[in-house]
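Beneath this line is the structure, given in structure tokens, with notes to follow.
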Amino acid sequence: KNIVEIVQAYGAGEQKPVSPPVERLAAKFLTHQEVDMNLAQSSMKNLSSIINRFSNHFKGTPINEITREGIQGWLAQGRKPNGEKWHTRTKNGYLTEVKNFFNWCAFNRYIREEDDPAATIRKAKLTAEEMKERETRKEILTVEEAQAIMDATVQLHPEITPRVATLLFAGTRPDIETAELSMEDIMMDRGLVRVRARFAKDRQARYIKMTDNLKAWLEWSFGRGYTLPVTGWKTKWKEIRESVGLFGDDWPKDCSRHSFASYYLDMAGEEETIKALGHGNYDMLFQNYRTLVEPERGREYFAINPNNKV
């Protein structure tokens, strides 16, 4: 029952019903996100993991009895399978999804909006140790490494050059957005790359302005008959990265997208970078995607093309 049904029943003299337990509403919320909101499969997998972890911790607790302090305690006590504490970045990501869950509960009147226990919890800042670790952690490619990747692609598997160039110089998400690009999405006459809504993480279509070097790589590729989509991607891409020593821990998750964001921010500024990435706020750009690069390195990164060497 929602809050209105509870009030009506209580007012009619019935015994006051117990608010639904968190795990029941968590299941309804996940079904809503998957069925009604058509959340992408990869996003759904991540969301389910977080919400199920949260609901299992509070299993059996009525939704209106979960407190602000309880949520903060859950975040503070969180551990990885190896016993390490959750990274602040992980905690903040979990908090975002928990806030969305309670927003849904309030919207559906399982709780009152003013009683939302997650509403006033702020995201945590990185600890000094985490800041130090981030400064030394490899998150993006150097200009020279990006050049080596393009050189190896041309030498070993030139047929996948359009996809590699789009990864590095358009910042599309590797797993879905880039994989699903076709020739219809490459608008050479207008200098645009289209990301279709059904392949975007947020289900919002967007256009990415081609940089001059991306346009040059695509012209080079299409002129030789290399088109999109490509075949045999996983095997060929692995061989290319191994050939230049950029594999395993030396190729962090979403490295190509983070590289694009960091260098494009240096060259084109905040507004254009946010538009290209498909994000609507500055916090996500600076907290999750941007690595500080030396001034003018952005121009060097986007000067990598089929004709010029850095």
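The values are calculated or read from the model by the stated rules, or taken from the named source; none is laboratory data. From a predicted model like this one, the values you see are computed outputs, not experimental measurements. Methodologically, a virtual Cβ is constructed for each residue, glycine included, from the backbone with ideal geometry; neighbour enumeration extends over all protein chains shown. Quick note on the areas: whole protein, heavy atoms, side chains included, nothing else; ligands and nucleic acids left out. Shrake-Rupley method; radii C 1.70, N 1.55, O 1.52, S 1.80 Å.
Please find, among 64, 82, the residue that is modelled with pLDDT under 95 and either surrounded by 13 or more Cβ atoms within 10 Å (Cβ to Cβ) or under 30 Å from residue 176 (Cβ atoms) (or both).
Values: 64 fails: modelled with pLDDT under 95.
None of the other options fit; the residue is 82.
How many of the residues in the stretch 238-275 are basic (Lys, Arg), closer than 20 Å to residue 200 by Cβ and open to solvent by 50 Å² or more (accessible area, probe 1.4 Å)? Full working, then the answer.
Taking the stretch 238-275 and keeping what is basic (Lys, Arg), we get 238, 241, 253, 257, 275.
Add one more test, that the residue is closer than 20 Å to residue 200 by Cβ, and what stays is 253, 257, 275.
From the residues that got through so far, the ones that are open to solvent by 50 Å² or more (accessible area, probe 1.4 Å) too are 253, 275.
The number of residues fulfilling the criteria is 2.
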Review point. Of 110, 94, which residue is farther than 30 Å from residue 266 by Cα and of a type in the set (Phe, Trp, Tyr)?
Key: 110
Review point. What about residue 34, is it assigned to a helix (DSSP H, G or I), out of contact with any strand residue (DSSP E or B) (no Cβ under 8 Å at 6 or more places or on another chain) and either within 26 Å of residue 174 (Cα to Cα) or modelled with pLDDT of 95 or more (or both)?
Key: yes
Point to revise | Within the stretch 283-310, considering residues that are at pLDDT below 60 and of a type in the set (Phe, Trp, Tyr), the one surrounded by the fewest Cβ atoms within 10 Å (Cβ to Cβ) | key: 286
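Quick one: which of 181, 218, 265 is in contact with a Lys or Arg (Cβ under 8 Å, 6 or more places away or on another chain), modelled with pLDDT of 95 or more and not small (Gly, Ala, Ser)?
Exactly one of 181, 218, 265 is in contact with a Lys or Arg (Cβ under 8 Å, 6 or more places away or on another chain), modelled with pLDDT of 95 or more and not small (Gly, Ala, Ser), namely 181.
Tally time: how many residues in the stretch 175-217 are among the hydroxyl-bearing types (Ser, Thr, Tyr) and crowded, with 18+ Cβ neighbours inside 10 Å?
Filtering the stretch 175-217 for residues among the hydroxyl-bearing types (Ser, Thr, Tyr) gives 178, 182, 207, 211.
Still in the running and crowded, with 18+ Cβ neighbours inside 10 Å: 178, 211.
Total meeting the criteria: 2.
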Check your understanding: Among (1) open to solvent by less than 30 Å² (accessible area, probe 1.4 Å); (2) within 28 Å of residue 184 (Cβ to Cβ); (3) modelled with pLDDT of 85 or more, where does residue 278 come up short?
Key -> (3)
**Study point:** Residue list for the stretch 41-61, filter: crowded, with 16+ Cβ neighbours inside 10 Å and hydrophobic (A, V, I, L, M, F, W, C)
**Key:** 47, 50, 51, 54, 58
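If we only count helices (runs of 4 or more DSSP H) wholly inside the stretch 134-224, which ones have 3 or more residues that are under 25 Å from the mean Cα position of the chain (by Cα)? Give the steps one after another, and end with the answer.
Values: elements: 143-156, 161-170, 212-223.
In the stretch 134-224, 143-156, 161-170 are the helices (runs of 4 or more DSSP H) which contain 3 or more residues that are under 25 Å from the mean Cα position of the chain (by Cα).
Looking only at the stretch 1-31, which residues are modelled with pLDDT of 75 or more and open to solvent by 70 Å² or more (accessible area, probe 1.4 Å)?
Within the stretch 1-31, 24, 28, 31 qualify.
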